[in-house]
Amino acid sequence: MAIKGKSRSKSTKAVTRGPKPAYVPVKQPFLARRGLWIGVASVLGVLVLVGLGAGFVAQRNSDREEALLEEMASSIGVYGDQLDPILAAVGKPVPPSGFEAFPALTPAVEQLEGDSAEAPADARAIVVTSSDAVDAATSAIDALQGIDETELIRGKGFSEEFVVYVINSKGNLLRSMRLFVEAGELTKAAAQAHGADRAILLARARGVLNVAAEVFSRGYADLVEAQTKAGVFEPSSVGAPPIPTGS
């Protein structure tokens with residue numbers, strides 16, 4: 001009999017191992033993350049530096065503007081001190097910020113214009129008044145020409161507006177004085193003339209006098225604006241005594 005061999009044992013299938021457990025980090029709360037606060041600190045640091053820099057710049061600009069304003073006040077103060085005696089000799093302030101030059105000339109012209117048998121003009125007094133005005137205006141011209149306003153404002157970094165006010169103030173005041181000289185001469189000549197000649201001279205005197213007053217007002221207004229820019233303008237008092245005039 002054939003001997004039956006032993007049957008082969010059935011092979012067992014290999015069991016696949018499961019995945020190894022992996023470490024899963026625990027998520028930190030958003031506000032507890034270190035990187036967040038590092039970023040925040042960096043941003044805050046930059047903002048602080050920017051703020052400090054802006055503050056330094058603003059302070060430096062403020063100091064510079066304050067120093068410039070003080071320099072403007074000093075320059076316009078010197079200029080005003082030179083103008084004060086000139087203006088005092090030709091007119092009087094009109095509160096709060098005006099000035100009337102040669103206040104006696106206009107009434108003199110009006111007297112001659114209204115001359116009649118019933119209201120005769122005092123020709124002699126008008127000649128004296130006109131002559132005084134001519135002398136005062138002539139002296140003012142010489143004094144104004146002696147003021148070097150450009151030396152007070154050149155190369156100091158003043159604004160163009162301030163510089164223009166200073167230059168125009170002297171220029172207009174000087175032109176007005178020359179016109180007042182002409183108006184005074186015409187008024188004196190009219191007082192010494194008669195008839196049609198007086199009428200012609202009076203018409204010219206009136207026209208020149210009006211222009212002179214207008215130009216003077218512009219010059220004085222420029223002076224006030226320059227003083228205002230420098231922070232030193234002080235309105236004249238209503239109760240202030242009149243300034244002696246040579247008119």
So what J values fall out for segment 169-182 if you push phi through Karplus, 6.51 cos²θ - 1.76 cosθ + 1.60 with θ = phi - 60°, rounded to Hz, Gly and Pro as x? 4, 5, x, 6, 5, 5, 5, 5, 5, 5, 5, 5, 4, 5
Measure out, as a whole number of angstrom, how far apart the alpha-carbon centroids of segment 185-213 and segment 69-123 sit. 19
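Remind me, what semi-axes does segment 91-247 give for its equivalent ellipsoid, largest first in whole Å, using sqrt of 5 times each Cα gyration tensor eigenvalue?
34, 16, 12
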For residue 100, list long-range residues whose amide hydrogen, built 1.01 Å from N in the peptide plane, is under 5 Å from its own amide hydrogen. 92, 94
Diffing segment 148-163: the Karplus 3J(HN,Hα) column from phi (6.51, -1.76, 1.60, θ = phi - 60°), in whole Hz with x for Gly and Pro, holds 9, 5, 5, 5, 7, 10, 6, x, 10, x, 5, 5, 4, 4, 5, 4
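For segment 131-212, run through the trypsin sites (Lys or Arg not before Pro) and keep only the ones in DSSP coil with at most 16 other Cβ atoms within 10 Å of their Cβ.
154, 156
Every read-out reported here was derived from the displayed coordinates using simple, explicitly stated rules and does not represent laboratory data. The structure displayed is predicted, hence computed values, not measured ones. Don't worry about glycine lacking a Cβ; one is built from the backbone with ideal geometry, like all the others, and counts go over all protein chains shown.
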